[in-house]
Amino acid sequence: MFKKIMKGGHRKPSKSDSAENYAFGPPGSHKPGSVVVNHASRPVLKAPEQNCSPSAPIAPPPLSTAAVEPLPLLRDVPVSERQSLFLRKLQICSYQLDFTNMLKTVREKEVKRRTLLELVDFFQSGSGKITEVCQEEMIKMVAINIFRCLPPASHENTGPEVTDPEEEETHLDPSWPHLQLVYELLLRYVVSSDTDTKVAKRYIDHSFVLKLIDLFDSEDPREREYLKTILHRIYGKFMVHRPFIRKAINNIFYRFIYETERYNGIGELLEILGSIINGFALPMKEEHKLFLARALIPLHKPKPMATYHHQLSYCVTQFVEKDYKLADTVIRGLLKYWPVTNCQKEVLFLGELEEVLEATQSAEFQRCMVPLFRQIARCLNSPHFQVSERALFFWNNEHIVGLIAQNRHVVLPLIFEALEKNILGHWNQAVHGLTVNVRKMFVEVDAELFEECRRQYEEKTAGAREVEDQREMTWKRLADVAGEREEGIWLQSN
């Protein structure tokens with residue numbers, strides 16, 4: 001065993017390790033003094049233990065004005081000196097500067113910005129591979145810059161005012177000129193064809209990915225957009241991280257749904273999931289079906305759903321398009337979380353329901369059509385004209401009209417009363433006109449069924465009127481008896 005270890009330590013260099021494949025020359029070609037390999041001897045770049053949640057900052061190196069000095073460009077130095085220069089540039093980029101005061105350390109900020117820009121251009125130009133030492137230090141530098149305590153959100157203040165999340169002002173990070181370049185550098189590293197996933201996964205590990213996902217709570221939309229792109233690329237390139245990423249996103253959704261109802265990056269996370277769901281293989285795993293039932297459908301419940309509904313609707317529809325048997329689960333889930341007093345949210349539900357029904361087959365439609373059209377009947381009679389109008393638009397969809405026509409003996413009796421009430425008394429003319437068109441459509445499809453439903457409706461109406469008359473007569477008799485008793489008591493007292 002000892003001999004094998006000794007032999008393994010002196011492997012023969014492969015063609016892929018040739019000097020022209022590395023921007024800094026092959027590993028081991030540098031002088032001992034030019035590259036520091038013992039990371040314990042460089043405390044300025046070492047990350048301490050986390051002390052803050054959710055994205056604890058990694059302590060930056062102590063700022064020294066002498067340390068932030070312009071360095072020569074990488075392309076201007078010999079290949080043998082590039083690695084040490086690259087590491088020095090990373091050290092400059094690791095310094096944290098105060099952006100709360102734009103007039104402070106102006107020169108240092110500009111030096112750091114130019115250095116970051118050069119590193120981004122270096123990766124973008126495809127100058128070649130970088131050694132493992134440089135990869136490790138670069139990921140450390142990225143972590144120092146982006147993993148930080150996010151500023152408290154506006155709803156976290158201790159004042160008495162309670163603000164709507166849709167009305168809150170967007171917070172833009174003042175350090176974005178530097179943060180953007182750091183994110184761009186990380187993105188270029190992840191997407192580069194020269195990045196070996198077997199090496200990179202040592203540094204972009206589960207801990208790094210989890211901290212990256214925590215940053216989606218940033219209020220700055222520019223940062224969330226970069227995070228979305230980077231996480232999606234990591235998911236595509238590092239197969240080992242895929243289950244972990246899905247689980248981490250699930251946990252964020254659970255915390256959002258059942259605890260806080262506050263999280264800024266739900267829409268961006270759903271965009272990533274929309275692409276992931278699109279790539280699911282069939283037959284679909286039970287894990288993915290549980291994710292639909294336990295996370296995506298309950299995401300319709302929180303109050304700020306309107307801010308991410310477009311992405312959520314896309315994800316849910318993707319599931320039904322992938323496996324039409326899930327339509328019943330989705331439709332019953334929507335009915336479970338159907339809004340009662342929020343009309344704008346109800347309009348969004350109706351739009352999503354139409355998209356799901358477009359991908360629904362007849363067998364699944366028949367399973368849920370009774371509770372579905374009871375809810376649609378309530379929407380048809382909504383005093384909010386947008387809700388009623390959106391429900392009537394279902395009859396403009398050929399696929400849905402086909403499903404209704406096949407099951408008209410069940411559907412029409414459920415909604416006939418709602419149609420008649422709209423014609424008799426809805427205040428909005430557009431709703432009245434659309435209702436007349438739907439009614440005419442049913443007459444053309446099955447006049448006999450329509451007449452039967454009308455007869456039953458008239459009988460029900462007459463019966464209800466008779467019950468009402470009897471109730472009024474009973475109250476009148478009770479009033480007369482009470483009057484007579486009161487008069488008798490008055491006479492006895494006199």
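For residues in the range 68-81 being in contact with a Ser or Thr (Cβ under 9 Å, 6 or more places away or on another chain) and not in a loop (DSSP other than H, G, I, E, B), which is nearest to residue 108 (Cα to Cα)?
Filtering first and then ranking leaves 74.
Looking at 140, 129, can you tell me which residue is at pLDDT 75 or above, over 24 Å from residue 104 (Cα atoms) and either in contact with a Pro (Cβ under 7 Å, 6 or more places away or on another chain) or open to solvent by 50 Å² or more (accessible area, probe 1.4 Å) (or both)? It would help to see each step written out before you state the result.
Numbers: 129 fails: at pLDDT 75 or above.
After ruling out the rest, the residue left standing is 140.
Checking residue 296 against (1) under 24 Å from residue 221 (Cα atoms); (2) in a loop (DSSP other than H, G, I, E, B): exactly one of these is not met. Which one?
Residue 296 satisfies all of (1) under 24 Å from residue 221 (Cα atoms); (2) in a loop (DSSP other than H, G, I, E, B) except (2).
Go through the range 303-328 and report how many residues are open to solvent by less than 60 Å² (accessible area, probe 1.4 Å) and either more than 13 Å from the chain's Cα centre (by Cα) or of a type in the set (Asp, Glu) (or both). Steps first, answer last, please.
First, the residues of the range 303-328 that are open to solvent by less than 60 Å² (accessible area, probe 1.4 Å): 304-306, 308-309, 311-313, 315-320, 322-323, 326-328.
With either more than 13 Å from the chain's Cα centre (by Cα) or of a type in the set (Asp, Glu) (or both) added as a condition, the list becomes 317-320, 322-323, 326-328.
Going through the range 303-328 one residue at a time, the tally reaches 9.
Given the conditions (1) crowded, with 20+ Cβ neighbours inside 10 Å; (2) at pLDDT 95 or above, report the number of the one that residue 233 does not fulfil.
(1)
Could you run through the range 273-295 and say how many residues are buried (at least 21 other Cβ atoms within 10 Å of the Cβ) and in contact (Cβ under 8 Å) with a residue 40 or more places away in the chain? Steps first, answer last, please.
Applying the first criterion (buried (at least 21 other Cβ atoms within 10 Å of the Cβ)) to the range 273-295 yields 273, 277, 291-292.
Now drop any that are not in contact (Cβ under 8 Å) with a residue 40 or more places away in the chain, which leaves 273, 277, 291.
Going through the range 273-295 one residue at a time, the tally reaches 3.
Hey, among 249, 257, 204, which residue is hydrophobic (A, V, I, L, M, F, W, C) and under 23 Å from residue 138 (Cα atoms)? Quick ask: steps written out before the conclusion?
Working: 249 fails: under 23 Å from residue 138 (Cα atoms); 257 fails: under 23 Å from residue 138 (Cα atoms).
After ruling out the rest, the residue left standing is 204.
Just to verify a result, which residue in the range 74-93, among those that are open to solvent by less than 30 Å² (accessible area, probe 1.4 Å) and among the aliphatic types (A, V, I, L, M), is nearest to residue 118 (Cα to Cα)?
74
Report the residue count in the range 236-273 for those that are touching a His at 6+ places or on another chain (Cβ under 9 Å), in a loop (DSSP other than H, G, I, E, B) and either hydrophobic (A, V, I, L, M, F, W, C) or modelled with pLDDT of 95 or more (or both).
So the count comes out to 0.
Of these, 487, 451, which one is of a type outside the set (Gly, Ala, Ser), at pLDDT 90 or above and open to solvent by 60 Å² or more (accessible area, probe 1.4 Å)?
Details: 487 fails: at pLDDT 90 or above.
The match here is 451.
The values are calculated or read from the model by the stated rules, or taken from the named source; none is laboratory data. These numbers were taken from a predicted model, which means no experiment stands behind them. Cβ coordinates were reconstructed from backbone atoms using ideal geometry, including for glycine residues, and neighbour counts include every protein chain displayed. Side chains are part of the model used for accessible areas, which takes the heavy atoms of the whole protein and leaves out ligands, DNA and RNA. Shrake-Rupley method; radii C 1.70, N 1.55, O 1.52, S 1.80 Å.
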